[in-house]
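Scroll down for the structure; my scribbles are underneath it.
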Amino acid sequence: MKAAEEGQVPPVALQNDPVARAICTFLATTITVLAVIWAADLPRMVGWSSLYTEQMIAFVLGASNALIFLRRPFRRRHARPTVPIYDYLIAIASIAAGIWLTIRFPILTEDAFYYPTEVLLISLVLVPLTIEALRRATGISLLLVVAVFILYGLFGDLLDGKLQARTMTATEMIKYVGLDTTAMLGRPIVIAVTIVVVFVLLGRLLLVSGGSDFFTDIAAALLGRSRGGSAKIAVFASAMFGSISGSAVSNVASTGVITIPLMQRGGYTARSAGAIEAVASTGGQLTPPIMGAAAFLMAEFLQVPYQDIVLAAIIPALLFYVALFVYTDLEAARTGVTALDPDQIPAVRKVLATGWFLLVPFAVLIVVLFSLNQPAETAALAACGALCGIGLILGYGARRLSMPALVASLRDTGFAVVDIIVITAAAGIIIGILDRTGLSFGLGFVLVQFGENSLFLLLMITAGVSILLGMGMPTTGVYFLLAALAAPPLINLGVEPIAAHMYVLYFGMLSMITPPVAIAAFTAANLSGEGPMATAVSAVRFGWPAYVIPFLFVLSPTLLMKGDEISILLATGTAIFGVAAVTAAIAGYLFDALSPFNRLLIGCGGLALMLPPAAFHSALWLNAVGMVAVSVGVVLSLALKKSAPQ
């Protein structure tokens, strides 16, 4: 399933190549262990405070490249039974360059001027191999983006106006990209290794401890007795597990194997079942408290407390899932899907009695973050420690965290994060070139001038670019790239910084369900047996609020908890009613099938209600008109229902 996320053939299983399998296991485990060591701040505790973080990053990058070379073929859609000799050689070269830079970094970073040849040699090995690893991991699209920026850095002086660059020679560029701490070894890859890896490990530990089963069971216990209960279970479980999993596709793969067949047995079509799971899993990446680690990355980018990001994400996530719950309920009513059979509904008390320990990591995470004000990586590590301490004793169902499972989790975490590591290295290259050439200022200036004529048009272009750049990439990679490229022009135009970053994150995540490369929907279709494109189209319909809500919180940050309490409550209340109304109009059903006129009336009224009252001067009047329109539509629908022959 991971391969589906990356839009490629699965990595080589390596059953026929035990040497490569052993090397990959060692490298993957080492990557995770190093990240844990740094998150725990062990080097400082043992008196090795002189170690640079970049030294560890250099080794991890070399090891990540090597893992990709050993596990993915040169031609991405051609499977291979064993690893060819040339991939062994470039994997060794990548590891050697990483170790070389790890050892020599303190000297080279201080006195690079005196070692130009050495810096050039290391960069000539590590930078091209990282770019090739990026191609094998993500395909051609992101590679082309990086290539465009490299060409701009070399030839941007040929342009006129604000986009004219301060260029570098090829030698200057490769040395700068390879060694400078504002480029490939800069903040994106540091955050990925020191923060994201630990959160991915937490998700893996939850998975092997029975977390996905627990969330599905607790959802069944709470929601299974309502109509369409099977779909509501999928929504609830995927939202909970998706927030921590760090990957929409991994979420589909882990919870979807249970929820999609459950929905199909309950009466939902294969198309609807796959779409609901894809949308719910994608929404998990936008749901507090963890948001697939995006919340912590956003806090780092914006230099604001993590708590601010969590608060800002609450109302948009609420609106998203209100719409999805309403849609599943109305779809159930329209198609006659009933509640689950009583024998499929576990008792809440029994589920909590056996799985309560799986809530402990969340409690620890929140306490360490909010009460103790510790960094995100410290909180994640504490949550991992708490889960290991209890999970080695207790288990949920047939799943239990044994020592072999713990070691396997370390290995699997390493395998899961290598693509994120090379993507963030590429993001570092882009950010470094933006900074060195002055393109960040020039591009921001041009887009601000463009946006002064039409902010809405700039938002539309940014949304399209975000979806395009997000195709085939994991959550953290999407956000890193968009935070560097798409968010700054919006901020320069006066958009609230949190609103700008949330905006690009939302549309980056929508690439997971938006055709033509809707990887979460395609993965769900693989599980449901429905056509992938049909599932993706239905997913867009089910997930419609995510295409609208970002425009609303850009217009008025009250939906991001910015403003006085009355304004926030009023904006939230009208938006909830509006989202429910538009969802009913899209579903074409309320108490009964809606007529075209009533559907249009309720839909337009709902859109008017969704506008935050503080968005512009007459927005409150539009809210009032919308409320009247929706009320009339509801009354008409109810009257038609009562007058219809039974």
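The values are calculated or read from the model by the stated rules, or taken from the named source; none is laboratory data. None of these values were measured; they are calculated from a predicted model. For neighbour counting, all protein chains shown are included, and Cβ atoms are generated from backbone atoms with ideal geometry for every residue, glycine included. Accessible surface areas use protein heavy atoms only, side chains included; no ligands, DNA or RNA. Shrake-Rupley method; radii C 1.70, N 1.55, O 1.52, S 1.80 Å.
Below are the figures for this structure:
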item	result
Residue match in region 233-243 (condition: open to solvent by 20 Å² or more (accessible area, probe 1.4 Å), in contact with a Phe, Trp or Tyr (Cβ under 7 Å, 6 or more places away or on another chain) and part of a helix (DSSP H, G or I))	yes
Hits in region 363-376 (condition: assigned to a helix (DSSP H, G or I), modelled with pLDDT under 85 and open to solvent by 20 Å² or more (accessible area, probe 1.4 Å))	Ile366, Phe370, Ser371
Residue in region 147-169 that is under 27 Å from Ile92 (Cβ atoms) and open to solvent by 50 Å² or more (accessible area, probe 1.4 Å) present	no
Hits in region 83-102 - residues which are without any contact (Cβ under 8 Å) to a residue 24 or more places away in the chain and assigned to a helix (DSSP H, G or I)	Ile85, Tyr86, Asp87, Leu89, Trp100
Residue match in region 417-437 (condition: part of a helix (DSSP H, G or I) and open to solvent by 60 Å² or more (accessible area, probe 1.4 Å))	yes
Close pairs from region 185-197: first farther than 22 Å from Leu434 by Cα, partner open to solvent by 10 Å² or more (accessible area, probe 1.4 Å) and modelled with pLDDT of 90 or more, Cβ under 6 Å, at least 6 apart	Thr194/Trp38
Considering residues of region 265-289 that are β-branched (Val, Ile, Thr) and modelled with pLDDT under 90 only, the residue nearest to Thr328 (Cα to Cα)	Thr269
Pair list, Cβ < 9 Å and 6+ apart or interchain, from region 319-333 residues that are open to solvent by 30 Å² or more (accessible area, probe 1.4 Å) and among the acidic types (Asp, Glu) to residues that are modelled with pLDDT under 90 and not in a helix (DSSP H, G or I)	Asp329/Ser226; Asp329/Arg227; Asp329/Gly228
Checking Ser466 against (1) over 30 Å from Leu179 (Cα atoms); (2) among the polar types (S, T, N, Q); (3) in contact (Cβ under 8 Å) with a residue 12 or more places away in the chain, the condition it does not meet	(1)
Scope region 572-597; condition buried (at least 22 other Cβ atoms within 10 Å of the Cβ) and free of Cβ contacts under 8 Å to residues at least 60 places away in the same chain; matching residues	Thr574, Gly578, Ala581, Ala585, Leu594
Only listed residue being at pLDDT 85 or above, more than 17 Å from the chain's Cα centre (by Cα), assigned to a helix (DSSP H, G or I) and of a type in the set (Gly, Ala, Ser), chosen from Gly451, Gly385, Gly442	Gly385
Residue in region 57-76 that is touching an Asp or Glu at 6+ places or on another chain (Cβ under 8 Å), open to solvent by 60 Å² or more (accessible area, probe 1.4 Å) and touching a residue at least 24 places away in the same chain (Cβ under 8 Å) present	yes
Criterion (among the polar types (S, T, N, Q), under 25 Å from Ala278 (Cα atoms) and open to solvent by less than 20 Å² (accessible area, probe 1.4 Å)) met by exactly one of Thr476, Thr558	Thr476
Condition check for Asp564: over 24 Å from Gly336 (Cβ atoms), open to solvent by 10 Å² or more (accessible area, probe 1.4 Å) and acidic (Asp, Glu)	yes
Any hit, region 348-358, residues being at pLDDT below 85 and assigned to a helix (DSSP H, G or I)	no
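Yes/no matrix, rows are residues, columns are (1) surrounded by fewer than 23 Cβ atoms within 10 Å (Cβ to Cβ); (2) within 18 Å of Pro188 (Cα to Cα):
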residue	(1), (2)
Ile258	yes, no
Gln264	yes, no
Gly267	yes, no
Ala270	yes, no
Gly283	no, no
Pro288	yes, no
Glu300	yes, yes
Val304	yes, yes
Gln307	yes, no
